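The values are calculated or read from the model by the stated rules, or taken from the named source; none is laboratory data. Predicted model only: the values in this text are computed from it and were never measured. No Cβ is skipped: glycine too gets one built from the backbone with ideal geometry, and neighbour counts run over all protein chains shown. In case anyone asks, the SASA skips ligands and DNA or RNA and just uses the protein heavy atoms, side chains included. Shrake-Rupley method; radii C 1.70, N 1.55, O 1.52, S 1.80 Å.
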Amino acid sequence: MSLLEIVKWPDPRLREVCAPVAEMTPRIQALAADMLETMYAAPGRGLAGPQVGFMGRLFVMDTGWKEGKPDPLVCINPTLQEVGEDRATNFEGCLSIPGVTAEISRPSRVRMAWTGPDGKRFVRSFDGFGAVCVQHEMDHLDGIVTFDHLTAEARAALETEYGAGFA
Ligand code: NI
């Protein structure tokens, strides 16, 4: 296993829509293992393909490890099956936008289906931070980052805080 370099905003790869992963190959399994290792080392609770330069629909997450309840998930070709009507607002960070947290409102409960690295199909409901993480990581597969959820004013303020040269 090895640590991967994390792509930082405003790298254009973070704006691309990712393609479905065609096959669960040993290469994909090794990539997923490296992504989990990279996520834990960062440290973070979610990491999506484009954040390590892989433009396929794959992300890893573990919302419990920081509290001593590890629950590593490798989610390939994920889809949302159900989205609850209630919303919740949370502060979200992103390993590709270090040092910045954005206040974002999202549905507070979602049901996601995905394929694991061994080809097995999973369906699970998520609420709380799990629902936030699932939606944040799925956003990455569609070229969406936290900034894209903000008003123009809030976005401008955070982009200034982030300090990169935005065109
Ligand atoms: Ni992120």
Just name the residue that is farthest from E5 (Cα to Cα) out of those in segment 91-115 that are within 16 Å of the ligand (Cβ to nearest atom) and open to solvent by 60 Å² or more (accessible area, probe 1.4 Å).
-> E103
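One residue is enough: does segment 129-136 have a residue meeting the conditions small (G, A, S), more than 12 Å from the ligand (Cβ to nearest atom), at pLDDT 95 or above and out of contact with any Ser or Thr (no Cβ under 7 Å at 6 or more places or on another chain)?
Quick first cut of segment 129-136, residues small (G, A, S) only: 130-131.
When the remaining residues are screened for being more than 12 Å from the ligand (Cβ to nearest atom), the result is 130-131.
Adding the requirement that they be at pLDDT 95 or above leaves 130-131.
Cutting the leftovers down to out of contact with any Ser or Thr (no Cβ under 7 Å at 6 or more places or on another chain) gives us none.
No: segment 129-136 contains no residue that is small (G, A, S), more than 12 Å from the ligand (Cβ to nearest atom), at pLDDT 95 or above and out of contact with any Ser or Thr (no Cβ under 7 Å at 6 or more places or on another chain).
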Could you give every pair whose Cβ atoms fall below 6 Å, whose first residue belongs to segment 122-150 and is in contact (Cβ under 8 Å) with a residue 40 or more places away in the chain, and whose second residue is crowded, with 23+ Cβ neighbours inside 10 Å and part of a helix (DSSP H, G or I), counting only separations of at least 6 or pairs across chains?
-> H140/P50
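Starting from residues that are outside any strand (DSSP E or B) and closer than 23 Å to M24 by Cβ, keep the ones in segment 71-90 and report whichever is least open to solvent (accessible area, probe 1.4 Å). Full working, then the answer.
First, the residues of segment 71-90 that are outside any strand (DSSP E or B): 71-72, 84-86.
Right, trim to closer than 23 Å to M24 by Cβ and you get 71-72.
Details: D71: 50, P72: 70 Å².
That would be D71.
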Is it the case that some residue within segment 27-35 is in contact (Cβ under 8 Å) with a residue 12 or more places away in the chain and acidic (D, E)?
-> yes
Exception for R57 within (1) away from the ligand (no atom under 16 Å from the Cβ); (2) closer than 14 Å to M138 by Cβ; (3) not hydrophobic (A, V, I, L, M, F, W, C) falls at (1)
